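The values are calculated or read from the model by the stated rules, or taken from the named source; none is laboratory data. The model shown is predicted, which means the values in this text are computed figures rather than measured ones. Positions of Cβ are backbone-derived with ideal geometry, glycine not excepted, and every protein chain shown enters the neighbour counts. For the accessible areas, the whole protein counts, side chains as well, though only heavy atoms, and no ligand, DNA or RNA atoms are used. Shrake-Rupley method; radii C 1.70, N 1.55, O 1.52, S 1.80 Å.
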Amino acid sequence: MPDKNGKIRYAVVGLGYISQIAVLPAFAHARSNSTLTALVSGDPKKLRSLSRKYGTKHNYSYEQYADCLTSGEIDAVYIALPNHMHRAYTEAAARAGIHILCEKPMALDEIDCQAMIAEVEGADVKLMIAYRLHFERGNLHAVEYVNSGKLGDPKVITSTFSQQVKQGNSRLKKEVGGGAVYDMGVYCINAARYLFRAEPEEVFAWNFGRDDQRFREVPATTTGLLKFPYDRFASFTCSFGVTDRSIFEVVGTKGVLKMDPAYEMVDALKTEITHGDRKQKKTFPKRDQFAAELVYFSDCALNDKEPEPSGEDGLADVRIIQALLKSADENRPVSLKKPAVRRRPSMRQEIARPPVRKPPQLVNAQAPGRE
C-alpha cells in the first residue's frame, strides 16, 4: 500500500554510478507521487553516507533484500544493479508483491526476460523497463514528426552512441553483461524501433577493437544493421573506445530529421529538420529524465495502468542484441521472429521535470568515462 500521503514508497537497489548521479536525486522532482524509503547495497559506506544525504529510514545489504521486500515499508523497487542480476532481483520482488522499475537492458538473454515477465504476470504487479527517453520531449517530438508524413516515407536511420570507458570499469566485464551493445547500443536499437514503429526482421553485426587491453573480455565497438519491413533499415555503431557521440538521423523520401545530441541524460537535446534548402532547428532544454520515469511508473502502480515501456519492450531489445551478437560471432545474417509489442511511446507520455542543478558527489563509485 502507498504511504499515508498516497505516494509509492521505493527502495533503490544498487548504489552505483547511475543511482548516485541520477536516480537518487530524481526523487526530489518526483515527490508528487513517489518517495524514497529504503536503500539496498553491499557497501556499508554507501548505505551510511547516502542514507544521511537522502534521509532514508531503512537500509539493507544484498543479503537482507528479502527482509526489505517483506518489511511492509516499500511498494516498489528501482533495480539499478549489473545486468546479470536483474532477473533474480525482479523475480524476488514480484513474489513479494512489489512493483519493479528495472534498468535496461532488461536482462542478458531472452530466457531471463521471459521468466521475469511470467513471474510478474503471476504476481499481478507492474514491471517497467527504465527507458528514460520514452518520456523526454525531444525524442517524442522526433517520433511524432517522423510518423506525421512530413519526411515522406522514412527509409533509413543511422545512429552512433559512444564514449571512452576507463579500464577496470564493470562495463568491460563479460560475466556481468558488459559491452557497448548492452550498455549503449540498446538506445540505438530502441530508437530505431520507436522511430519506425516496427520490429526488425533480420540483423547483421560486426565487433571491432580487441587490441586495447581494456577490451580483453568485450569488444570496443559493435556496428549493427537492422532490416525492417517495407524496405527500411537502420544502422548503428556503439563504442566504449572512441570519444563521446550521441546522434541519430532519419532519412525519408522528402526530408531528414537529425537529433544531435540524442541520447544524453543531462544535456539539452537538439533536432535539425531539413527539407531541400530549408532547415529548422529546435532545442529541447535539460530535464530530469529519471524523475519523469518515477512519476509515470508510480502513476501506473497507483491507478492500475499497464506501463509503456513494458517487459515486452525490454524483451524485444534483448532478442535483437542476442541476434546481433550471434551474427557477429558467426559472420552471417540472423533472422528474428516478430515480438508481441503492443504499445509504442507517444507525446502523451511526456513528463517535464526540472534538471538536477548540481551533480552529487559520488561515494565509492566512478563515472564510466569522463564526467
Subject >> Inter-label distance, nm, simple model (7 Å from Cα along the C-beta direction), LYS166/ARG216 >> reply: 1.9 nm
Original post:
Of LYS57, LYS126, LYS155, which has the most accessible area with a 1.4 Å probe, and how do the rest follow in descending order?
Top reply: LYS57, LYS155, LYS126
**OP:** Would you compute, for the Cα atoms of the range 238-344, the largest minus smallest coordinate along each principal axis and list the three values in descending order, in whole Å?
**Re:** 47, 42, 33
**OP:** Using 0.36 nm per residue of separation minus the Cα-Cα distance, give me the extension gain between ASP231 and ASP124 in nm, one decimal.
**Re:** 34.6 nm
**OP:** For the chain, find the longest principal axis of its Cα atoms and tell me its angle to the long axis of helix 311-330, 0 to 90°, nearest 10.
**Re:** 60 degrees
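Taking a probe of 1.4 Å, how large is the accessible area per residue of the range 110-256, in Å²? Mind dumping the intermediate values first?
On the way: 5880 Å² over 147 residues.
Here the residues of the range 110-256 average 40 Å² of exposed surface.
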**OP:** Could you look at the range 25-165 and say what percent of its accessible area is carbon and sulfur, using a 1.4 Å probe and all protein chains?
**Re:** 47 percent
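What does the extension gain come out to for ALA198 and ASP153, with contour length at 0.36 nm per residue minus their alpha carbon separation?
Values: separation 45, 0.36 × 45 = 16.20 nm, distance 1.35 nm.
Result for the pair: 14.8 nm of gain on full extension.
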**OP:** Run down the lysines and flag those whose C-alpha is under 21 Å from the C-alpha of LYS358, throwing out any fewer than 8 positions away in its chain.
**Re:** LYS46, LYS53, LYS286
**OP:** Sticking to Cα atoms, compute the Rg of the range 1-160 to one decimal and its Dmax as the biggest Cα-Cα distance, whole number, in Å.
**Re:** 17.7, 56
**OP:** Grab the beta carbon distance between LYS4 and GLU175, set R0 = 41 Å, and tell me the FRET efficiency rounded to 0.05.
**Re:** 0.40
Original post:
What is the packing order of peptides 158-170, 75-87, 292-304, taking the mean over residues of other C-beta atoms within 10 Å and listing the highest first?
Top reply: 75-87, 292-304, 158-170
Subject >> SER335/ALA367 FRET efficiency (R0 45 Å; Cβ-Cβ; nearest 0.05) >> reply: 0.75
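Multiply the residue separation of ARG95 and ASP244 by 0.36 nm, subtract the distance between their alpha-carbon atoms, and state the gained length in nm to one decimal. Display every interim value, and only then the final one.
On the way: separation 149, 0.36 × 149 = 53.64 nm, distance 4.04 nm.
Going from the current span to full extension adds 49.6 nm.
Place a +1 charge on the Cβ of each Lys and Arg in the chain and a -1 charge on the Cβ of each Asp and Glu, then give the dipole magnitude about the Cα centre in debye, rounded to the nearest 20. Display every interim value, and only then the final one.
Details: 53 positive and 46 negative charges, 254 e Å.
With Lys and Arg at +1 and Asp and Glu at -1, about 1220 debye.
For the range 1-69, what percent of Cα pairs sit more than 20 Å apart? Before the final figure, lay out the partial values.
Values: 562 of 2346 pairs.
Within the range 1-69, distances greater than 20 Å cover 24 percent of Cα pairs.
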Original post:
What is the helix-to-structure angle for 186-196, meaning the angle in degrees between its Cα long axis and the longest Cα principal axis of the chain, kept from 0 to 90 and rounded to the nearest 10?
Top reply: 60 degrees
Subject >> Spacing of the two label points (7 Å from each Cα toward its C-beta) at LYS254 and LYS281, in nm >> reply: 2.5 nm
**OP:** Measure nothing fancy, just the Cα-based angle from helix 86-95's long axis to the longest principal axis of the chain, in degrees from 0 to 90, nearest 10.
**Re:** 50 degrees
Subject >> Virtual spin-label span in nm between SER49 and LYS326, 7 Å along Cα→Cβ >> reply: 4.4 nm
